[in-house]
Amino acid sequence: MVHLVCSWRAILGQEVVRGEHHLRGVPVRPLKNFNGCPIAATVKHPSSVVHDFSKGPVVVPLKVILRNRMLESPVEFQVQFDSKAAFDLIGTKLHTLNLEPSGEVTLALEALVQRAGVYDLQALELIVKHEKQEVTYQLSQQWLVSVKNGSPQQ
């Protein structure tokens, strides 16, 4: 694991804004053996949605990208949806996958949200098969989306 500090600046008219992002515990990709979860997960989704809830619930699309961090070993695993989430997942709630070394797969999912609020769309867990055992990993990221009631602007 490594720790990174990313410094940045943005010019907004006459004003210069500076900041830093601190990334702690960034995993370095191993060849074969790994002490943590061998699958890295990232997501693409809208950060905010405006929807008229008088017409029913809103569907929030998300694409989950899963990558095998191992450079020389395939990984067999399952992706399972946590049924205690504050929203419903449309479609398959359990995926069984096998990724080759450094391989990746994208899962196109949809979250069905019933009311306005802020939702953490990260409701997945990974069940990795390792040496005839299954190890469950909870992802630590938050995939937040702000859902507001109103008419979307055309």
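Restricting attention to the stretch 102-134, which residues are in a loop (DSSP other than H, G, I, E, B), more than 17 Å from A41 (Cβ to Cβ) and open to solvent by less than 90 Å² (accessible area, probe 1.4 Å)? Passing the criteria: only A116. Selection of first residues in the stretch 87-110 that are at positive phi and of second residues that are open to solvent by less than 70 Å² (accessible area, probe 1.4 Å) and part of a loop (DSSP other than H, G, I, E, B), restricted to Cβ pairs under 9 Å at least 6 apart or on distinct chains, gives the following pairs, ordered by first then second residue: S102/R69; S102/M70.
Among the candidates V43, V79, the residue that is touching a Phe, Trp or Tyr at 6+ places or on another chain (Cβ under 6 Å), within 18 Å of A123 (Cα to Cα) and part of a strand (DSSP E or B) is uniquely V43. Would you check if E72 is open to solvent by 10 Å² or more (accessible area, probe 1.4 Å), under 25 Å from H130 (Cα atoms), touching a Lys or Arg at 6+ places or on another chain (Cβ under 6 Å) and modelled with pLDDT of 90 or more? No. Here is the figure for the stretch 13-42: residues that are at negative phi, modelled with pLDDT of 85 or more and over 21 Å from the mean Cα position of the chain (by Cα) total 7.
The test for being at pLDDT below 90, of a type in the set (G, A, S), open to solvent by 90 Å² or more (accessible area, probe 1.4 Å) and closer than 30 Å to G150 by Cα holds for S83.
The values are calculated or read from the model by the stated rules, or taken from the named source; none is laboratory data. Note that this is a predicted model, so its numbers are computed, not measured. All Cβ positions, even for glycine, are placed from backbone atoms using ideal geometry, and neighbour counts span all protein chains on display. Areas reflect the complete protein model, heavy atoms only, side chains present, ligands, DNA and RNA absent. Shrake-Rupley method; radii C 1.70, N 1.55, O 1.52, S 1.80 Å.
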